[in-house]
Amino acid sequence: MEFTIGSLELNRTNPAHLGTVPLVDSFGKGGQAPVEKAKGSFEKYLLAAVEELNGQQTTVGKLQEQLITDPDSVDIHDVTIAMAKAQMSLNLAQTVIDRVITGWNDLSQTR
């Protein structure tokens, strides 16, 4: 079983900023950001994160079912590790959602 986390790369436009990714000009001609690059990128990232979270939860469910039906075919440590990863991901998602809601409430109250 292999566990991977999708990576999010940020583009640097200022050479004084630290990083290992080569500098990329993220603005088109005239200093405006290209619309096709920015459109839907947050939505796609959010959907990918939710799909990864769902995949971890279903993997744990399958491992637990396999542990109950055929205990010799799966190692209990793999089940425990998968459960811990899924729980950590769920806690992180809940924290992010809470912070986004708190930030939105703070922004809406300052208007």
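On the given criteria, is Glu36 at pLDDT below 95, open to solvent by 100 Å² or more (accessible area, probe 1.4 Å) and of a type in the set (D, E, K, R)? For Glu36, the condition - at pLDDT below 95, open to solvent by 100 Å² or more (accessible area, probe 1.4 Å) and of a type in the set (D, E, K, R) - is met.
Within the range 80-96, residues that are more than 28 Å from Ile68 (Cα to Cα) and assigned to a helix (DSSP H, G or I) sit with their Cβ atoms under 9 Å from residues that are of a type outside the set (Phe, Trp, Tyr) and open to solvent by 80 Å² or more (accessible area, probe 1.4 Å), at 6+ positions apart or across chains, in these pairs: Ala93/Val50. Checking each residue in the range 72-87 for being more than 22 Å from Glu52 (Cα to Cα), surrounded by fewer than 11 Cβ atoms within 10 Å (Cβ to Cβ) and not β-branched (Val, Ile, Thr) picks out Asp72, Ser73.
The values are calculated or read from the model by the stated rules, or taken from the named source; none is laboratory data. Everything quoted here is computed from the prediction, not taken from an experiment. We place every Cβ from the backbone using ideal geometry, glycine too, and count neighbours over all the protein chains shown. The area values use the complete protein model at the heavy-atom level, side chains included, leaving out ligands, DNA and RNA. Shrake-Rupley method; radii C 1.70, N 1.55, O 1.52, S 1.80 Å.
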